[in-house]
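The values are calculated or read from the model by the stated rules, or taken from the named source; none is laboratory data. This structure is a prediction, so every number in the text was calculated from the model and none was measured. Reconstructed Cβ throughout: ideal geometry from the backbone, glycine too, with neighbour counts over all protein chains shown.
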Amino acid sequence: MSVHTPAAGPAHRAGFACFVGRPNAGKSTLTNALVGKKVAITADQPQTTRHTVRGIVHREDAQLILVDTPGLHKPRTLLGERLNDVVRTTWAEVDVIGFCLPANEKIGPGDRFIAKELASIKKTPKIAVVTKTDLVDSKRLAEQLIAIDQLGKELGIEWAEIVPVSAVGAKQVDLLADLLIPLLPEGPALYPEGDLTDEPEQVMVAELIREAALEGVRDELPHSIAVVVEEMLPREDRPADKPLLDIHAFVYIERPSQKGIIIGPKGKRLKDVGIKSRKQIEALLGTPVYLDLHVKVAKDWQRDPRQLRKLGF
């Protein structure tokens, strides 16, 4: 008597991937496009990401956890050095690395600096991701693909894949996930279904406020803004069907002269920051929010170890 055993389906895979690249190479936008919800802050100014934000892509046969690191760069401050350490530690711990290179810019010294660092990490598979393909024609894209292939050969990096994507145009984003997943180890899901990130909500709220605060003052204060959420508490006297969350947050800047820039004439800019970030926070948390924002000076916080610790770096 023969016993019929059903054919086993493909094994479930789960693991960590991170996108690397010089600042403003499209890493956060790509994370958000893959997860399908806003989890990493994006801005057209380099170095807006300071926290390891994990986005989680759930599929029937896999769970892909994206770790978003700060851009690796030549450090000029203590904060810069700490951010670079975070990057290298992350690279050593993930299952696959996606190296983001924008299609619309030639490979430059910043890209080479990172590629050399990547070449020294032997075991982790690497995918070259050509971002922002919506900004170039097919000839320019072909040139960039050849240049990336060359770069790998020069430095002894064997690309597992070279994939052109446009996160903004949603082109080939799913294909990228299809290529990342087989490089993950087999294993059960590491996070519950429905989780999109493991960032504490307070950190995400602070990031949304910071993103709104950067808008319009990026040229003047690109790296001088830090946000700390002091408390998030449901308001007590509200009926269950009409909850309200009170959020008290401080926007820190480095010098008293920057206070006026952030607050704006008659407080207009700070008010706009509040309105804009409140909408995003309500969408994230799914509940109405009362946001109380104050601006404080923390003198030269980027260079002061004690202040850096206090502000969460």
At pLDDT below 90, within 20 Å of PHE16 (Cα to Cα) and surrounded by 14 or more Cβ atoms within 10 Å (Cβ to Cβ) - does that describe any residue in the stretch 127-145?
no
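Checking the condition under 24 Å from SER224 (Cα atoms) and modelled with pLDDT under 85, which residue from PRO6, PRO23 passes? Lay out the reasoning, then the answer.
Numbers: PRO6 fails: under 24 Å from SER224 (Cα atoms).
Result of the check over PRO6, PRO23: PRO23.
Within the stretch 235-257, count every residue that is surrounded by fewer than 18 Cβ atoms within 10 Å (Cβ to Cβ) and either touching a Ser or Thr at 6+ places or on another chain (Cβ under 6 Å) or more than 21 Å from LEU208 (Cα to Cα) (or both).
Final tally of qualifying residues: 12.
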Residue among LEU175, LEU141 that alone is free of Cβ contacts under 8 Å to residues at least 60 places away in the same chain, outside any loop (DSSP other than H, G, I, E, B), hydrophobic (A, V, I, L, M, F, W, C) and within 21 Å of GLY36 (Cα to Cα):
LEU175
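Can you confirm whether VAL229 is under 24 Å from the mean Cα position of the chain (by Cα) and at pLDDT below 85?
Numbers: under 24 Å from the mean Cα position of the chain (by Cα): yes; at pLDDT below 85: yes.
The answer is yes for VAL229.
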If you scan the stretch 87-109, which residues turn out to be surrounded by 15 or more Cβ atoms within 10 Å (Cβ to Cβ) and within 19 Å of the chain's Cα centre (by Cα)?
VAL87, THR90, TRP91, VAL94, ASP95, VAL96, ILE97, GLY98, PHE99, CYS100, LEU101, PRO102
Across (1) polar (S, T, N, Q); (2) in a helix (DSSP H, G or I); (3) in contact with an Asp or Glu (Cβ under 6 Å, 6 or more places away or on another chain), SER277 clears everything bar (3)
If we only count helices (runs of 4 or more DSSP H) wholly inside the stretch 26-124, which ones have 2 or more residues that are at pLDDT below 80 and touching a strand residue (DSSP E or B) at 6+ places or on another chain (Cβ under 9 Å)?
78-93
Write out, first by first residue and then by second, each pair whose Cβ atoms fall under 6 Å of each other, whose residues are 6+ apart or on separate chains, and whose first residue, in the stretch 229-252, is in the same structural domain as ARG210 (by TED's automatic domain parsing) while the second is acidic (Asp, Glu).
LEU233/ASP246; ARG235/ASP246; HIS248/GLU230; HIS248/GLU231; HIS248/ASP292
Out of the stretch 195-206, which residues are at pLDDT 65 or above and part of a loop (DSSP other than H, G, I, E, B)?
PRO200
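Among the residues in the stretch 259-271, are any outside any loop (DSSP other than H, G, I, E, B), within 23 Å of the chain's Cα centre (by Cα) and of a type in the set (Val, Ile, Thr)?
So far as the stretch 259-271 goes, no, none of its residues is outside any loop (DSSP other than H, G, I, E, B), within 23 Å of the chain's Cα centre (by Cα) and of a type in the set (Val, Ile, Thr).
Could you check, for the stretch 289-299, whether at least one of its residues is at pLDDT 90 or above, over 25 Å from the mean Cα position of the chain (by Cα) and in the same structural domain as ALA213 (by TED's automatic domain parsing)?
Step one: list which residues in the stretch 289-299 are at pLDDT 90 or above, which gives 289-293.
Add one more test, that the residue is over 25 Å from the mean Cα position of the chain (by Cα), and what stays is 290, 292.
If we keep only those that are in the same structural domain as ALA213 (by TED's automatic domain parsing) too, we end up with 290, 292.
Checked against the condition, which is being at pLDDT 90 or above, over 25 Å from the mean Cα position of the chain (by Cα) and in the same structural domain as ALA213 (by TED's automatic domain parsing), the stretch 289-299 yields at least one hit.
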